Structure formats: C-alpha cells, structure tokens
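Working notes, structure below.
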C-alpha cells in the first residue's frame with residue numbers, strides 16, 4: 001500500500017497533465033487519473049519493468065481514456081482531444097500569447113493520431129522519445145519522426161492562418 005501511495009504522490013501530476021492534454025477537461029482528467037491509480041494498484045504485481053513507471057501509468061491512463069472515448073462515441077467528436085503546445089522556434093513566447101495559443105489548440109484538435117498524441121506526450125507529459133515509442137510499441141526513431149512531423153504540420157497551418165488574416 002505504501003508503494004502505491006509513493007507512486008500516487010510522485011506521478012499523479014504527470015498522469016493528470018497527460019490526460020488533461022488529451023481530453024481538455026479537468027473533470028475527465030481527475031476521474032481518469034484516479035481510475036489509473038486504482039487499476040495500477042490492482043495490477044502492480046504484473047508490472048514487468050520494461051518501461052518506466054511513468055510510461056506504464058500513462059499507458060494505463062491512455063487505455064482508460066480511449067475506452068471512455070469509444071463508449072462515448074455517440075457524443076460530438078468535439079469532446080476529444082484539443083491538445084495545446086508551442087511549436088514555433090520560440091515555444092514559450094508562443095504559449096504566452098493567448099491568441100496564438102488558442103490557434104494552436106484548434107489546430108491540434110483537428111490533427112490526426114498519432115501526431116496529436118505523440119506531440120502531447122512530448123510537450124505536456126515531457127516523456128522521452130524512448131518512453132513515447134514504448135507506449136506505441138514502436139522504436140525511438142519513429143517517435144522522433146512523428147513528433148517532428150506533427151511540429152511541421154502545426155507550423156504550416158499556423159503560417160497559412162497568418163497569411164489568410
């Protein structure tokens with residue numbers, strides 16, 4: 001029990017931020033994060049250690065979130081991920097500009113998987129490319145390339161929007 005409490009105290013915020021980035025909903029993020037630690041507690045003995053604990057918990061959270069999305073499929077797809085991030089060379093400056101941040105939210109909301117999720121995992125959850133690759137059952141190069149392509153797509157769409165305005 002003490003081990004789960006340590007995991008909870010150490011990783012709650014990371015798991016919460018990851019799910020918040022996917023769902024863009026505080027209540028959903030809280031609920032799924034709690035359920036993640038409940039499931040982790042029940043299956044802690046099955047953790048093999050082939051990835052970090054953080055990656056394992058994020059994988060549990062991702063599966064819970066995806067299952068919830070599937071069961072709520074009749075809902076408007078607008079409830080699904082509206083990830084945000086800073087993608088230009090000056091990441092931090094971009095996010096501080098709330099108008100630009102809103103544009104990025106909208107672009108990410110429309111972005112296809114796995115780009116949206118890989119980008120979110122890297123930016124919001126600050127996972128390593130190795131951990132991201134592990135979540136998807138791919139290699140580290142795949143994670144790097146997917147992240148880079150997502151970044152390029154966002155930059156391209158931002159520049160197109162700026163030209164149209």
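Things to note:
- When residues of region 115-136 are limited to those that are part of a loop (DSSP other than H, G, I, E, B) and closer than 16 Å to residue 61 by Cα, the one modelled with the highest pLDDT: 127
- Just one of (1) surrounded by 15 or more Cβ atoms within 10 Å (Cβ to Cβ); (2) part of a loop (DSSP other than H, G, I, E, B); (3) at pLDDT 85 or above fails for residue 112. It is (1).
- Scan region 4-25 for residues that are part of a helix (DSSP H, G or I) and out of contact with any helix residue (DSSP H, G or I) (no Cβ under 7 Å at 6 or more places or on another chain) and the total you get is 6.
- Whichever residue in region 137-165 is within 21 Å of the chain's Cα centre (by Cα) and part of a loop (DSSP other than H, G, I, E, B) and, among such residues, is surrounded by the most Cβ atoms within 10 Å (Cβ to Cβ): 138
- Only one of the listed residues (101, 81) is under 20 Å from residue 118 (Cα atoms), at pLDDT below 75, within 14 Å of the chain's Cα centre (by Cα) and surrounded by 14 or more Cβ atoms within 10 Å (Cβ to Cβ). That residue is 81.
- Hits in region 29-68 (condition: surrounded by fewer than 16 Cβ atoms within 10 Å (Cβ to Cβ) and not in a helix (DSSP H, G or I)): 47, 48, 49, 50, 52
The values are calculated or read from the model by the stated rules, or taken from the named source; none is laboratory data. Quantities reported herein were computed from a predicted structural model and do not represent experimental measurements. Note that we place each Cβ from the backbone using ideal geometry, even for glycine, and neighbour counts take in every protein chain shown.
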